[in-house]
Each structure stands twice: as C-alpha cells, then as structure tokens.
Amino acid sequence: MSERLYELKISDVDLTDIDLADDRYRISHSQTNTALLAQSILEIGLVNPVVLLLVHDKHIIISGFNRVKAHLLNKALTITARVINPETSKQKAIGSGAIKSETIYIDYLVLAIGAACFKHQLSQVELIKSLIKLSVFMDAGHIAHKSGTLFNTQLNQKYIDELIAIGQLQPQGLALLESGHLSIKAAKKLSVLNGPDVLVFLMLLGAVKASTSVQLEMILYLTEISKRDKLSLKSVIQSSEIETIIDDENIDLITKTQQVRDCIYQLRFPELFKARQDVKQKINSLGLGRAVKIEPPPNFEAQQFTFSFTAKTYKQFVRHFNKLTTAVQDLKLKDIFSA
Amino acid sequence: MKINRLYIEKTIVHDDEINYLISKVGIDPEFVSDATPVYEYINAAMDPISRAKQTLFITNNKGAVIRECPGTTNYTCCDYTILHTGTFCTMDCSYCILQAYFHPPVLQYFAGLDSLKNVLEEKFKLNKTFRIGTGEFTDSLIWEKISLTPKFLVETFSKQNTSVLELKTKTVNIKSVLNIDHNGKTILAWSLNTPDIIHSQEIGTASLTARLEAAKKAESKGYRLAFHFDPLVIYPDCENQYKKVIDLIFEYVNPGSIVWISIGTFRFMPNLKQVIEQRFADSTICYGEFILGLDNKMRYFKPLRIQLYRTLVSHLKNYAPDLLVYFCMEDEEVWQKTMGFFPSKEGELGALLDESASKHCNLN
Ligand code: SF4
C-alpha cells in the first residue's frame, strides 16, 4: 500500500447515476442531521467533494454518504465528486505488479477509512466496522503494523483481535453498541460466548439501559445461574420474572433496568437477597424517616449495624434522638439484630 | 496424576532417602542448579497447573521447616504447627487453593530427613504440646508409596510424649506406617466429603468408602483418627448427603478412636475462581451464594453456613456426644449459633484440641 493504485478525477456526477443501495465502503453510520447539512450546502456549497467509484455504468459511494443524501434533499441533480475510474486504476495496478482485485479493493477501503478519520475521530463501532472489512485481507498483526497510517492512531494486535471478535456480534450487537445499550467491555464478554447465548444477552441488554458495570454484572450473574442450574440462558430468562418485566410496556426504562437487575440478583443470590429485603422492610417499618439511618453489616458477615444521623441544630438533634429512643421500645428493632 | 518428569537439585546428597525415592519414581532425573529450569518447563505448558502435578522437583527446603499456622484475624484459628515436607499435590481437586497460592505451583519434595529430625527435636525439648501437621501445602501421604518420610515421622513422634503428628490425606496410602510402633502419637486423618463431591471435584483421590476402609485398618492397628469435613460444599440435598457420610464414619470406626473432627465450608481467594473455571469447566462449585469475607476470601453467606453446620454438628453429637468438633476459621456468631459457645480467648481453641490430643494420645 505504499503507492496509491487509483487515480481521482474531479467531475460533476448525476445523482441518478449513484447506486445508493451499495454501502460496501460505508464505515460511518453517524447520526448526522441531513437537513442541517443540506442547509449548509445550500448556503456555502460543498466544501469537500464526495468520493465515488465507477462500477460499470453506475457510481458507488466510497466516502460521502450523508453529503449525497443532503444533495437529494436539496433536490440537486448533480454532485461534485472525485471519481475513481477502475480501468485506469487497473492499468496502474498492473504496472505496479499488484494486479489482484483485492489489492485495489484494500486501497479503496483505506481511502474510505481515511476519509472517515479525516471528518472525525472514529467511534468504536466505526473502528470495528473498518477492522472487519480490513480483516478479510489482512491479519490483525498486519493491521496493527499499519494502524498509524490507516487510523491516525496506533492500535495493538490484541486490541484489534478483540474488536474484530466484537464485530462478530453484528448486526444487533453493533446496533446496541451504537445506541449505547451495550458497552465495549460487555461486548467483549459476549464475544466469547456461543451464538444463542449472545442473542439472549443482546435481547436483554437492548431492552434495558444499564451502565457498563451493571451490564457486566447481568452477564456474569446470568451466566453463572445458567451454569449452576444447568439451564440454557434462554430458559433462565423464560422461567423467571425477567421476561415479564422486559415485556411490560408500562414501566419506564430506568425502573425496568432496576427491576431486571434486582430479579437477576435474586436468582443468583436468593438467600442473601431475601435477608436484605427482610432487614430493609424491618428498618422501614420503624418509621425513622430519612434522617436516621440504619446500615446492616455488608453481606451480614460481620455483626455490627451502624446507626447514624446528622443534625444542624440542637432541635434537630433532639428530634432524631427521640426517634431512635422510641425505636428502642419497638420489638422490630430487636428483631433486626437477631435476623 | 502420574509423574513424568523428575528434576533434582544438584546439591542434594544421594542418601538412602533420595536413592529410594528415585528408584521408586522410575524416571531418569534431570539435575539442575536451581529451580529456574523447572519453572520454565512448567510455565511453558498451556495448563501449567496440570504440568506441575506431573513434574517432581526434589530440592532442599529454602524456607522455614516448621512454623505456626498464620491464621487470620476475625476468624478463630486452631493454633496448628506446620511441618514443611513439600508443596503441591498429584491429586487434582477443583477447589484446591494451592493452584492459586504458588506462582507457578511446583510439586516439591523437600529432601533431608535430618533437618526434619532436628527441628522436631527442638520442639519436643520445649515440653509443650504441639499439634504438628504436614498437610497444609500438600497432602501428607501422596509420597507414602515412594518415600521414607511418613514412616520416619511416625517413628520420630513415637519416641516422645509431648506432641502429636497429624497426617492428613485423601489417599489410602498407609501401608508403610501400618505395622510400625507409632506409640499412639500419630493421628491419621482423612478429609471427607460426599460421594457426589468426591466424584465431581476431587479428581484422583480415593473414594469415600476406600478412605473409611483405610481409617478402619489404621484403627485396628491402634492409630488415633481424625476427620476433616473441609470444604463442605452447599448444593441441593447436601445436608442429607453429609449426614449419610457421618452415618458411614460410625459404621467403620468407633467414636472413641476419633481425636477430633473439623468442619469448614468452602472458602477461597477470589483469584481461584478463574482457575476453577478454566481447569474444571463442568464444576459449579463457585456459583454458590458467596460473599467476600472479612479475611478477603469468598465464603458462603453466613446463615447458609450456620444452617449446614447445625445439621452436621447435631448429627455428629447424636453418635458421639463427647467428640471434639471444631470449626476451622469461623467467627463468634457461627460458634455461638451452632455450638452454643465460643472459644473467645486467645489460644482457647488450641487448648481444647491439645486436651483432646492429650486424652487420646497419652501426652504428658
Ligand atoms: S488432595 Fe489436598 S492438596 Fe491435593 S489437590 Fe486436593 S486439596 Fe489440593
């Protein structure tokens, strides 16, 4: 790839001559506001021509999918493009001794990646998509070696391998990565699981909106429950409340996520969950309000409970203190200690 | 696992002990100046732990030959004394802490019966009761078939009256010590578990009935016995299964021969989980309700431990009300709720064990 195998010629191309369905070189699916872009093009013109490849009598887009869309929105008839003519490129490839069609394809791909990098720093999904396309022709070691030139940043082979493995989660996995439902760390965990399990997790994580640590917790606990109970993941989900919670359209996403998380925790640690709920209920029933806090020992391993309150004034102090004094008479408080 | 590679440190003197060992292993030894080639060989394997179990390294003990069990704060310790005769093990229990304890684990046999003798004689001179065991970093009897050490230790202890030797095992390797004069100063101890756990988690160990047969044989030769229910694993129907193991103990041996029985549920350093998952893909042993204990080890949620302990202790006491049953590494709440008392003072549990040892083994 040291020498470019294609030539670019600036020309105005009829929009009807562009095959919009062919997205083999598409790297970026960024949510560009096409209307805004169209407006900007109307006002200041097209600053950066799109890159097209002439294939038979049609053009396919290498770089500039959104700009073509914006032109269509503006009802323009043509677009300024840098067009690659495969015939002259082929001649050049033959001249350089690189006549394999994939060698030329890689060059176009590099061009598409370069154009995407030029616009903005690639998102992780864009990076994954680029790596998957490149991995057809190069191994991870080779990509790592060329990464500085390709991506404007140095990537190591292990990271590339991991991202390519994550790329196998597509299309649902990449869609969830893009929408923020799936983190890279969680995707990495999923990338080593078997196909049916991956689908179950993608369905689950797509239905909630959890932080990275909660996603990892859900994956870990559900995997362990499935191993412990010798049930498929699908059966674990189906035979529990999780499915009902997911299907409930009347609960908001935050509540749904919390309920699913609790449900998984309860399945993984039934006795611990029950003990926590019991103590919580007993503490609540004391009616101490928010000001006076009772913290049970973590996981009930130690025996010390912590009682605390803060007071800004003497009056407040007396009020909280009296609440606690009243609670001393309550048998439920004694009960907490013998739980 | 069978030994298929033997390394010997060059400086080791080839006395009767070592010549006997080499002849029994039956493999040409490779002489090395230090442990580096052994580590390199083990670490080069895809599964260093499995390779380590098949690679014997005869070496000198570079560390302490004898030392007190470190114990931990927050959980009551039994004040045991550890005699180092080697490290690691040829058997392959999924839960074995030694897999994660050494980096890499090396199957070391510490040469030098004299050094063992010297440290023991120093201890005996103190005229104090010591309970000394070799089963903390290895199984006490894995080398019995090919080594003179067990016989040597039993004979050494037989000549004094202040301390006891506990040989703790999951094997039935007692032939070389069966017919010698032990003078009641050696306790032969077996770790016990349910047949389910032995079959699924204790790979390469003797079956439950084989262990109890061996215990019975030892008892017939006047040996004092001990049993260790450690680790207890919580799984469906485990309470009944453990009760059946207890029933079986008393079918085989008399309560009066048992010096003590310890019980402790499965606990592990968090990094062992990954090892178990990698090496024992079918094992579900780490998927119980574990929480991080106060000693930074994973332990079962306390009410679950207490429930299982209560069942076992009351079943044991039905058979042998006077039998000393104790917990390995448990706290006050567990003791109180299970046994109705807590050896709270420093050394109190140790004193109880010493007392039982004195009674059963006729110590001064
Ligand atoms: S017998 Fe003991 S030392 Fe050997 S593998 Fe099992 S737990 Fe580890």
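The values are calculated or read from the model by the stated rules, or taken from the named source; none is laboratory data. Here the structure is a predicted model, which means the values were calculated and not measured. Note: ideal-geometry Cβ built from the backbone for every residue, glycine included; neighbour counts use all protein chains shown. Accessible surface is based on the protein model in full, side chains and every heavy atom, while ligands, DNA and RNA are left aside. Shrake-Rupley method; radii C 1.70, N 1.55, O 1.52, S 1.80 Å.
First measure r as the distance between the Cβ atoms of A:ASN250 and B:GLN241, then evaluate 1/(1 + (r/R0)^6) with R0 = 41 Å and state the FRET efficiency to the nearest 0.05. Once rounded, the FRET efficiency stands at 0.35. Shown here for segment B:1-105: chymotrypsin sites (Phe, Trp or Tyr not before Pro) in loop regions (DSSP other than H, G, I, E, B) with at most 16 other Cβ atoms within 10 Å, namely B:PHE102.
Taking 14 Å as the cut-off, no amide N atom of segment A:298-316 comes nearer than this to a point 7 Å along the Cα-to-beta-carbon line of A:GLU241.
The simple spin-label model puts a point 7 Å past each Cα toward its Cβ; for A:GLN121 and B:GLU277 those points are separated by 3.0 nm. In terms of packing, defined here as the mean over residues of other Cβ atoms within 10 angstrom, the peptides B:258-264, A:108-114 line up highest first as B:258-264, A:108-114.
Per-residue shielding of B:277-284, expressed as the average number of other chain Cβ atoms within 10 Å of the residue Cβ, stands at 1. Shown are B:VAL13, A:VAL214, whose ranking by accessible area with a 1.4 Å probe and every protein chain present, most to least, is B:VAL13, A:VAL214. Rounded to two decimals, the Cα-based Rg/Rh of chain A, with Kirkwood Rh, is 1.18. Note on B:MET269/B:SER314: beta-carbon distance plugged into 1/(1 + (r/R0)^6) with R0 of 22 Å gives a FRET efficiency of 0.10. Computed with a 1.4 angstrom probe on protein heavy atoms, the A-B interface buries about 1500 square angstrom of accessible area in total. The residues of segment A:121-167 have, on average, 48 Å² of accessible surface per residue, using a 1.4 Å probe with all protein chains present.
Treating r as the C-beta distance of B:LYS125 and B:HIS103 and R0 as 41 Å, the FRET efficiency rounds to 0.65. Figure note: B:LYS145, A:LYS282 ranked by solvent-accessible area, largest first, 1.4 Å probe, ligands and nucleic acids not counted: B:LYS145, A:LYS282.
Could you work out the mean projected area of the convex hull around the alpha carbons of the protein assembly as shown, in square nanometres to one decimal?
44.7
For the peptides A:53-66, A:185-198, what is the packing order when you average, over each peptide's residues, the other Cβ atoms within 10 Å and list the highest mean first? Don't skip to the end; give the middle numbers.
On the way: A:53-66: 19.1, A:185-198: 16.5.
The densest-packed peptide leads the list: A:53-66, A:185-198.
Rolled with a 1.4 Å probe across the full set of protein chains, the surface gives A:PHE307 an accessible area near 80 Å². Residue by residue along A:296-309, Cβ atoms of other protein chains within 10 Å of the local Cβ number 3 on average.
Could you rank the peptides B:226-238, B:329-341 by their average count of other C-beta atoms within 10 Å per residue, with the highest value first? Let's see the in-between values first.
Details: B:226-238: 19.5, B:329-341: 17.2.
Going from most to least packed, we get B:226-238, B:329-341.
Here the protein assembly as shown is treated with +1 on each Lys and Arg Cβ and -1 on each Asp and Glu Cβ, and its dipole about the Cα centre works out to around 1080 debye.
Figure note: B:ARG299, A:ARG319, B:ARG51 ranked by solvent-accessible area, largest first, 1.4 Å probe, ligands and nucleic acids not counted: A:ARG319, B:ARG51, B:ARG299. Of all DSSP beta bridges confined to the protein assembly as shown, the antiparallel ones make up roughly 40%.
Among the cysteines of chain B, B:CYS69, B:CYS77, B:CYS78, B:CYS89, B:CYS238, B:CYS286, B:CYS328, B:CYS361 have no other cysteine beta carbon within less than 4.7 Å of their own.
Can you give me the relative contact order of chain A as a percent, contacts being Cα pairs under 8 Å and 6 or more apart?
On the way: 379 pairs, mean separation 36.4, N = 339.
Once normalised by length, the contact order is 11 percent.
Strictly over 27 Å apart at the Cα level, which of B:LYS297/B:LYS337; A:LYS129/A:LYS189; B:LYS185/B:LYS337; B:LYS117/B:LYS297; B:LYS185/B:LYS317; A:LYS9/A:LYS75 would you flag in this model? Pairs exceeding the cut-off: B:LYS185/B:LYS337; B:LYS117/B:LYS297. Counting Cβ atoms of other protein chains within 10 Å of each Cβ in B:325-335 and taking the mean gives 1. Distance cut-off 22 Å, Cα to Cα: go down the list A:LYS227/B:LYS243; A:LYS133/A:LYS158; B:LYS221/B:LYS359; B:LYS159/B:LYS345 and report the pairs above it. Among A:LYS227/B:LYS243; A:LYS133/A:LYS158; B:LYS221/B:LYS359; B:LYS159/B:LYS345, the Cα-Cα distance tops 22 Å for A:LYS227/B:LYS243; B:LYS159/B:LYS345.
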